[in-house]
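For reference, the structure is listed below as structure tokens.
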Amino acid sequence: MTRFNTFIQPSELRSLLNCCTEHGQLVTYPKGTPMVEEGYICKYIGIIRSGYFKYVTINTRGEECVTGFTFAGEVASDFIQSFLFNSPAKTSVIAGCDTQVLQVSIAEARQYFEKHDSDFINRSCKVLLLEAYRRYLDSYQKTPAERYNELRNRTRMDLDLIPHKELASFLNISRRQFQRIRDN
């Protein structure tokens with residue numbers, strides 16, 4: 001089974017994992033606790049050991065919209081805004097359940113990559129762009145049912161542990177539509 005975030009390959013994580021192993025600490029985020037809130041700069045980057053984070057934003061109606069997930073073995077951070085540009089996050093990164101992360105400060109990670117893997121950021125940007133483009137095209141080319149089935153096939157996590165409203169939001173469909181998809 002592949003990863004949910006298909007752009008993240010084990011070889012790409014090696015430098016980050018080495019950085020976290022050498023300099024990081026294991027932190028537990030209780031369910032509902034943000035790693036970063038929208039409008040603030042994320043201070044950490046890490047590898048999830050257990051649990052998951054959901055990436056959320058608030059729409060113009062004040063509703064929480066799930067824009068992504070990251071699961072065990074994957075990266076947790078606000079990479080684009082906070083890591084690359086030292087700017088406030090455009091989404092909140094919130095623990096969907098009690099989640100353990102081996103994390104380091106973004107400042108430490110930047111220094112580590114400059115010294116040990118100067119191409120890490122360049123490679124990461126390329127693969128993130130490819131993943132964003134794939135998800136964008138999928139939203140037009142595939143039905144919500146097809147995207148949900150791919151999600152089930154790509155993640156190692158039991159999706160029944162994720163609230164249905166979060167999955168429906170991620171698929172950009174109503175909870176009723178999501179229930180029909182699950183029932184088929």
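The values are calculated or read from the model by the stated rules, or taken from the named source; none is laboratory data. Please read all numbers here as calculations on a predicted model, not as lab measurements. Note that each Cβ is placed from the backbone with ideal geometry, even for glycine, and that neighbours are counted across all protein chains shown. Protein only, heavy atoms only, side chains kept; ligands, DNA and RNA dropped before computing areas. Shrake-Rupley method; radii C 1.70, N 1.55, O 1.52, S 1.80 Å.
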Residue in the range 56-101 that is nearest to ASP158 (Cα to Cα), counting only those that are open to solvent by 40 Å² or more (accessible area, probe 1.4 Å) and hydroxyl-bearing (Ser, Thr, Tyr): THR67
Qualifying position, being among the basic types (Lys, Arg), surrounded by fewer than 19 Cβ atoms within 10 Å (Cβ to Cβ), under 30 Å from CYS19 (Cα atoms) and modelled with pLDDT under 95, among ARG134, ARG152: ARG134
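Only one residue in PHE79, PHE113, PHE83 is farther than 13 Å from THR28 by Cα and in contact with a Phe, Trp or Tyr (Cβ under 6 Å, 6 or more places away or on another chain). Which one? Steps first, answer last, please.
Numbers: PHE79 fails: in contact with a Phe, Trp or Tyr (Cβ under 6 Å, 6 or more places away or on another chain); PHE83 fails: in contact with a Phe, Trp or Tyr (Cβ under 6 Å, 6 or more places away or on another chain).
Just one listed residue meets the conditions, PHE113.
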Test: GLU108 is under 20 Å from CYS20 (Cβ atoms), over 18 Å from the mean Cα position of the chain (by Cα), at pLDDT 95 or above and open to solvent by 60 Å² or more (accessible area, probe 1.4 Å): yes
Meets criteria (part of a strand (DSSP E or B) and either surrounded by 19 or more Cβ atoms within 10 Å (Cβ to Cβ) or not small (Gly, Ala, Ser) (or both)) for ILE41: no
Candidates ASN153, ASN149, filtered to the one that is under 27 Å from GLY32 (Cα atoms) and either in contact with a helix residue (DSSP H, G or I) (Cβ under 9 Å, 6 or more places away or on another chain) or free of Cβ contacts under 8 Å to residues at least 12 places away in the same chain (or both): ASN149
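With the requirement that a residue be of a type in the set (Asp, Glu) and either open to solvent by less than 70 Å² (accessible area, probe 1.4 Å) or under 19 Å from PHE71 (Cβ atoms) (or both), what does the range 155-184 give you? Break it down stepwise before answering.
Taking the range 155-184 and keeping what is of a type in the set (Asp, Glu), we get 158, 160, 166, 183.
Those that are of a type in the set (Asp, Glu) and either open to solvent by less than 70 Å² (accessible area, probe 1.4 Å) or under 19 Å from PHE71 (Cβ atoms) (or both): ASP158, ASP160, GLU166.
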Residues that are over 17 Å from THR143 (Cβ atoms) and in a helix (DSSP H, G or I), drawn from the range 160-174: ASP160, LEU161, HIS164, LYS165, GLU166
Some residue of the range 121-131 being without any contact (Cβ under 8 Å) to a residue 12 or more places away in the chain, open to solvent by less than 70 Å² (accessible area, probe 1.4 Å) and farther than 19 Å from GLY73 by Cα: no
